[in-house]
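Before any comments, here is the structure.
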Number of protein chains: 2
Amino acid sequence: MDPNFKTSAFFQEWINFVYQLQNEICFALETVDNSHKFVEDLWQRQGGGGGRTRVLANGKVIEKGGVNVSFVHGTVTDLMRNQLKINGEYWAACGLSMVIHPFNPFAPTFHANWRFFELYDTQQNVADAWFGGGMDLTPYYIFPEDAQLFHSEIKNAMQSFGNDLYPNFKKQCDAYFNNHHRGVETRGIGGVFYDHLRPNDPNGMNQNQLFQFQKANAESFFKTYIPILQKRKNQDFTDKNKYWQEIRRGRYVEFNLLHDRGTLFGLKTHGRIESILMSLPPTVRYDYNFQPKPGSEEERALNIFKNPKDWV
Amino acid sequence: MDPNFKTSAFFQEWINFVYQLQNEICFALETVDNSHKFVEDLWQRQGGGGGRTRVLANGKVIEKGGVNVSFVHGTVTDLMRNQLKINGEYWAACGLSMVIHPFNPFAPTFHANWRFFELYDTQQNVADAWFGGGMDLTPYYIFPEDAQLFHSEIKNAMQSFGNDLYPNFKKQCDAYFNNHHRGVETRGIGGVFYDHLRPNDPNGMNQNQLFQFQKANAESFFKTYIPILQKRKNQDFTDKNKYWQEIRRGRYVEFNLLHDRGTLFGLKTHGRIESILMSLPPTVRYDYNFQPKPGSEEERALNIFKNPKDWV
């Protein structure tokens, strides 16, 4: 890697946004938790770059939550050429990745990721660049009003950038966050998922509009997850509810370790293991052939995971 | 698949042995547990064959244990040709697969698998056949006397079939049951692991000797795990010990979902999910960046997983 390597000025703006976003998200979550603070780990990547991992554990509301920022770069390897289908000499990526596992089984788990990728030729000119991201909700019990709020606020955020964006990215999300080895059984109630958003692709946005689109999505976090977490954090629950949450968290682990491309690629390319696996839920249960009682709330939730539905 | 399909007579003998072995193993484990019995699920496989899954859950000693027998057969698919590097028209496989997760963190988890595979040509003549198997121990705390008993009894069982078998298969086991994404960190203290044992291979055994070799290995279970479980099942422990067990169980899940060929192949080929995933531990904990205290028993165990050693 050339020691004089520099990203584009546009990329620098994105980096600034992402670090600022991490501050705002952590502050909002600490306010809802109202007991613990995020603990920060700064780390360097051997091949280039590094990150700022922030974790909040054993809070009153947040049992385990991670909000990670990384800005990493390096030389394009064969593994990347094959798996990511990219071509170029150098690459750089910067994004925010977060997973929040609340203690209360009526409060859903939240996951989001917003990222930007640049590829450079041998002269270190930008050869390609794209955005990717999305967010999804994993409730253990389904409150239709929460699901509707979540999806409608995301839809609102996307609407002004194009009418087909939300429906397309919602569909992609249901298809992606699925435990394929179980047929159709989504991890939760989805949200949106998108990748390879390039300027002037079918979506018709230029790079600045794509940046604004990412911003609008990211900022919908404050209108979706924060009020839902606030509403559910103190709801009374039983041991049976907690048990079901831990069973479903088992499916979360199944998805992340068997199917999640980011996790598997990160582990293969020797990313920082603890930052990658911070997504795993704090306590998990694997029962042999667990089946919810017919007619129960647990069965109702499972039926929705098996038949993903439109919420708005 | 030809409805008149028949395995060899030799295969039938193996099937009988495996079903009988399941009975004996379950009986021995129920005797040690002394509170609960195994519950049985018979299942059919759509492509051919089926199995007898037996699970004991929430026993006084065994928190979750499965002892599964399956005899499955079918037409060779492209996926099998590619992944298993086999050639033929029909295949049949029969084996016993087991995982025992005790409640007591001083009692180790045990895993074993003994299997036989036959391949047939279009005339349904046997075209190829091999044995595979092994067993390994996953303690949470290391008692050198338990580790030595485990390894020396396996070595004894193998000795009369060839001097180099135990050392070779011990090495293969350490290499296989490793969480590669963490560098060198084995799942436990190993045991033996072998595959593709064919008559007159370098090992020099004919098919009957290979059968006797499998029998001797399988029967060492009664001299290894049963006395170890008996010895540790009532040892006093603290919440801190249980916590460490659950952290290490997290690594067990990581191995099974990220690296275990049997698990991944089973899920890809639409095996019976509940029988495949019964191997996952009952309760598991994922902490961000958990590190055992310097000088602690937990750190001593971790150091052994990072530097696999010879026990006999």
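The values are calculated or read from the model by the stated rules, or taken from the named source; none is laboratory data. Model, not experiment: these values are computed from the prediction. Glycine also receives a Cβ, built like all others from the backbone with ideal geometry; neighbour counts cover every protein chain displayed. Protein only, heavy atoms only, side chains kept; ligands, DNA and RNA dropped before computing areas. Shrake-Rupley method; radii C 1.70, N 1.55, O 1.52, S 1.80 Å.
Among the residues of the stretch A:269-281, is there at least one that is at negative phi, small (Gly, Ala, Ser) and buried (at least 21 other Cβ atoms within 10 Å of the Cβ)? Yes, the stretch A:269-281 contains at least one residue that is at negative phi, small (Gly, Ala, Ser) and buried (at least 21 other Cβ atoms within 10 Å of the Cβ).
Would you confirm, using the coordinates I've provided, whether residue A:204 is away from chain B (no Cβ under 14 Å), in contact with an Asp or Glu (Cβ under 6 Å, 6 or more places away or on another chain) and not in a helix (DSSP H, G or I)? Criteria not met by residue A:204. Based on what the data block shows, is residue A:93 free of Cβ contacts under 8 Å to residues at least 60 places away in the same chain, part of a strand (DSSP E or B), open to solvent by 30 Å² or more (accessible area, probe 1.4 Å) and of a type in the set (Gly, Ala, Ser)? Against the criterion (free of Cβ contacts under 8 Å to residues at least 60 places away in the same chain, part of a strand (DSSP E or B), open to solvent by 30 Å² or more (accessible area, probe 1.4 Å) and of a type in the set (Gly, Ala, Ser)), residue A:93 does not qualify. I need a count of the residues in the stretch B:219-258 that are among the aromatic types (Phe, Trp, Tyr), more than 11 Å from chain A (Cβ to nearest Cβ) and open to solvent by less than 60 Å² (accessible area, probe 1.4 Å). Counting residues in the stretch B:219-258 that are among the aromatic types (Phe, Trp, Tyr), more than 11 Å from chain A (Cβ to nearest Cβ) and open to solvent by less than 60 Å² (accessible area, probe 1.4 Å) gives 3. Filtered by the rule that a residue be within 17 Å of residue A:133 (Cα to Cα) and either outside any helix (DSSP H, G or I) or more than 14 Å from the chain's Cα centre (by Cα) (or both), the stretch A:173-186 gives A:175, A:177, A:178. When residue B:170 is tested against (1) open to solvent by less than 20 Å² (accessible area, probe 1.4 Å); (2) among the charged types (D, E, K, R); (3) under 16 Å from the mean Cα position of the chain (by Cα); (4) closer than 19 Å to residue B:302 by Cβ, just one condition goes unmet, and that condition is (4).
Looking across the stretch A:35-51, just one residue is open to solvent by less than 40 Å² (accessible area, probe 1.4 Å) and under 21 Å from residue A:101 (Cα atoms), and that is A:38.
Residues in the stretch A:105-116 that are open to solvent by 10 Å² or more (accessible area, probe 1.4 Å) and touching a residue at least 40 places away in the same chain (Cβ under 8 Å) were compared, and the one that is nearest to residue A:56 (Cα to Cα) is A:111.
Looking across A:188, A:134, A:183, one residue alone is under 18 Å from residue A:248 (Cα atoms) and open to solvent by less than 10 Å² (accessible area, probe 1.4 Å). It is A:188. Applying the selection to the stretch B:242-289, what residues are in a helix (DSSP H, G or I) and among the small types (Gly, Ala, Ser)? The answer is B:250, B:262, B:266, B:275, B:279.
Scanning the stretch A:53-74 finds one or more residues that are assigned to a loop (DSSP other than H, G, I, E, B) and within 14 Å of chain B (Cβ to nearest Cβ). Once the stretch B:259-302 is narrowed to residues that are among the basic types (Lys, Arg) and under 25 Å from residue B:195 (Cα atoms), the residue that is nearest to the other protein chains (Cβ to nearest Cβ) is B:268. The residues of the stretch A:29-66 that are under 17 Å from the mean Cα position of the chain (by Cα) and of a type outside the set (S, T, N, Q), listed by number, are A:29, A:51, A:52, A:54, A:55, A:56, A:62, A:64, A:65, A:66.
On inspection, residue A:39 fails the criterion of being free of Cβ contacts under 8 Å to residues at least 60 places away in the same chain and in contact with a Gly (Cβ under 9 Å, 6 or more places away or on another chain).
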